[in-house]
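Participant: Below is the structure I would like to discuss, written out as structure tokens.
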Amino acid sequence: MTIGNHPNAADVDREAAELATDLTSELDRAAARHVASMTAPAPRRGPAAPWQDVLNRRALFVDLAAVVAAVALGYVLRFDRQVEVDLFEPRGGQYVLISVALAEAWVIAIGLAGARSPRILGSGREEYVRLARGTLALFGLAAIVCYLVKFDLARSYVAVTLPVGILLLAVGRRVLAARLHADRAHGRFQRRTLVVGARDAVLDLCRRVERAHEAGFQVVGVCLPGGPSVPSPVAGVPVLGRVEDAAEAARAADVDVVAVTASDSATPMTLKRLAWDLEATGAELVVVPALADVASPRLLITPVDGVPVVQVSPPGYTGLQHAVKRVFDVVVAALIGLVVVVPMLVLALCVRLTSPGPALFRQQRIGLNGRPFTLYKLRSMRQDAEAALAEVLDGDVGVFYKPKDDPRVTPLGRFLRKYSLDEFPQLLNVLRGDMSLVGPRPQVALEVAQYDDALRRRLFVKPGLTGLWQVSGRNDLSIDQGARLDLYYVENWSLLGDIGIMLRTAREVFAPSGAY
């Protein structure tokens, strides 16, 4: 039987026609919306947050002050201020205009290099790299222009202005970074952040962000594969949705950064669509690779068919760079030894006069590749300290044991330990080759015997008189935090890093913290 023979065929035909019309209209409207979204510019968020403008103005002021000081010093040292010269004479007066133009161009070049971007202010290495890149690009361009127009730019003027300028810029940015980190420690200048990924990876990143407050990320929510159905909150912040809902959650929470960690849901296509969707919000997309405690110099990003591939170079434990480290250790240890030899003799005499026993304490420690050596220190404990160790620890000897209120330490010994003066004799260990100036602190065989596979990597380098753990909080840090810092040093060693740790060590000697 056909529909035309049905008693209500007219009504059915009319309803079918109306349904077809409605469906066609809806499809037309959907197509129109899609075309509009493809052709119309994506709406952007408003101007940058006020704190970003504040940071930019601070950096601009610091850069301008450093550049003007460097240019002025170069001019004053190069040209005699007592000789009156015409403004446009080839020497002297003409350099007033050159100095003004150089200062303006220098500040502009630093800005073009991205060194005043709020994203990299206070970040450390990348900030200084951009400062150097902008500076060297400007002076390289100036040298080319002077060569082409056959202008003899005074080399002594450049020889003063360039290095002094770089130094003042670095010092100014260091001061600016210290102030920024202090502000962020009090909750200011934070970037609202949404963390997206698998639960364990999200939890790990949230904990790292909380420890590294100076990075300026404030986690306000997370997106997990299971969405809000999973136990909430995570790391003290709410679950705002699924991984697929990250763009909408970012828009609703008005975040500045969306950080994507490891997750089965975070496929390349998902990340690409997330980046597209975030264009309308102005939020920055940050992809966190499944790598931890690897320094940026060991990373190389190579595009492979449009996909960024992160290559990790292996850590270097031998080779030319460590030969340079050995030369550096010997030279610097010898120079420091010449300076402290007299104070060390005076302190040794004080140790002998204030408690019975020898002034020098000797103990076997474990060094490079598990080899034992004899470590030297000024004695800071009473003579029977080794025999009384078990009593003090009550039999609980861990991998890193150091009682905070050790009754074996003498009054003078507390003073020596507070300012690390008892460590001076270890310069002899450095000169002998048992130790380095910088490295993980050496431990006794009882502690090393309890190492797991990760901690055993501490033995891949020579132990140090000071180390990254010691300048980052010493005994105030937890064992896990300190061990992580030591392993980070082992994996990412560099000579410049050693110099930085030694400078921080000098500060700790005069303003000690976490020492007992």
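Any read-out appearing in this document is the output of simple, stated calculations on the displayed coordinates, not a laboratory observation. Given the structure is predicted, the values throughout are model-derived calculations rather than measurements. Note that each Cβ is placed from the backbone with ideal geometry, even for glycine, and that neighbours are counted across all protein chains shown.
Participant: Which residue, chosen from Phe328, Ala449, Leu375, occupies the Cα position most advanced towards the positive end of the dipole of region 320-510, where the dipole is computed from +1 (Lys, Arg) and -1 (Asp, Glu) charges on Cβ about the Cα centre?
Facilitator: The residue sitting farthest along the positive end of the dipole is Phe328.
Participant: In addition: Quick one: how many lysine pairs does region 320-510 have with C-alpha atoms less than 17 Å apart and a gap of 8 or more or different chains? Give me the count, please. Each step should come with its number before you reach the end.
Facilitator: Numbers: Lys325/Lys462; Lys377/Lys402; Lys377/Lys418; Lys402/Lys418; Lys404/Lys418.
Here the count comes out as 5.
Participant: Moving on. Can you give me the long-range amide H partners of Arg441? Hydrogens built in the peptide plane at 1.01 Å from N, cutoff under 5 Å, separation of 5 or more residues or another chain.
Facilitator: Gly464
Participant: Quick one: Karplus J couplings for region 453-470, per residue in order, coefficients 6.51, -1.76, 1.60, θ = phi - 60°, nearest Hz, x for Gly and Pro?
Facilitator: 4, 5, 5, 5, 5, 4, 7, 6, 10, 5, x, x, 5, 9, x, 4, 4, 5
Participant: If you don't mind, there's one more thing I want to ask. Under the Karplus relation 6.51 cos²θ - 1.76 cosθ + 1.60, θ = phi - 60°, what is the ordered set of whole-Hz ³J(HN,Hα) values for region 206-214, x standing for Gly and Pro?
Facilitator: With coefficients 6.51, -1.76 and 1.60, one gets 4, 5, 5, 4, 5, 6, 9, 4, 5 Hz.
Participant: What order do you get for 61-72, 477-488 when each peptide is scored by the mean count of other beta carbon atoms within 10 Å, highest first?
Facilitator: Working: 61-72: 19.2, 477-488: 17.0.
The densest-packed peptide leads the list: 61-72, 477-488.
Participant: I'd like the distance separating the alpha-carbon centroids of region 124-167 and region 304-365, in whole Å.
Facilitator: Between the Cα centres of region 124-167 and region 304-365 lies a distance of 36 Å.
Participant: Could you sort the peptides 110-120, 420-430, 457-467 by per-residue average Cβ neighbour count (10 Å cutoff), highest mean leading? Write down the numbers at each step before the final one.
Facilitator: Numbers: 110-120: 19.1, 420-430: 21.3, 457-467: 22.8.
Per-residue Cβ counts within 10 Å, averaged per peptide and sorted highest first, yield 457-467, 420-430, 110-120.
Participant: Tally Lys and Arg at +1 and Asp and Glu at -1 over the other residues with C-beta under 11 Å from the C-beta of Pro228: what net charge comes out?
Facilitator: Details: positive: Arg242; negative: Asp245.
For residues surrounding Pro228, the net value is 0.
Participant: Could you please report the charge total around Val351, scoring K, R as +1 and D, E as -1 over all other residues with beta-carbon less than 12 angstrom from its beta-carbon?
Facilitator: Numbers: positive: Arg352, Lys377, Arg379, Arg382; negative: Asp422.
Net charge around Val351: +3.
Participant: Please list, in chain and number order, the residues 5+ apart from Phe217 or on another chain whose amide H is under 5 Å from its amide H, with Hs placed from the backbone.
Facilitator: Distant-sequence amide H within range of Phe217: Arg191.
Participant: Further question on the same structure: What FRET efficiency would be calculated for the residue pair Lys418, Val287, taking the C-beta separation as r and a Förster radius of 60 Å, to the nearest 0.05? Could the numbers behind the result be given before it?
Facilitator: On the way: r = 44 Å, r/R0 = 0.74.
Calculated value: 0.85.
Participant: For region 341-356, take each phi angle, set θ = phi - 60°, evaluate the Karplus expression 6.51 cos²θ - 1.76 cosθ + 1.60, and give the result in whole Hz per residue in order, putting x for glycine and proline.
Facilitator: Those phi angles translate into 4, 5, x, 5, 5, 5, 5, 4, 5, 5, 4, 5, 7, 9, 7, x Hz.
Participant: Take the Cβ-Cβ distance between Tyr317 and Leu428 as r, set R0 to 30 Å, and report the resulting FRET efficiency rounded to the nearest 0.05. Please report the intermediate quantities before stating the final value.
Facilitator: Working: r = 24 Å, r/R0 = 0.81.
Result of the calculation: an efficiency of 0.80.
Participant: I've got another one for you. For region 191-290, what's the relative contact order in percent, using C-alpha pairs closer than 8 Å and at least 6 residues apart?
Facilitator: After rounding, I find 31 percent.
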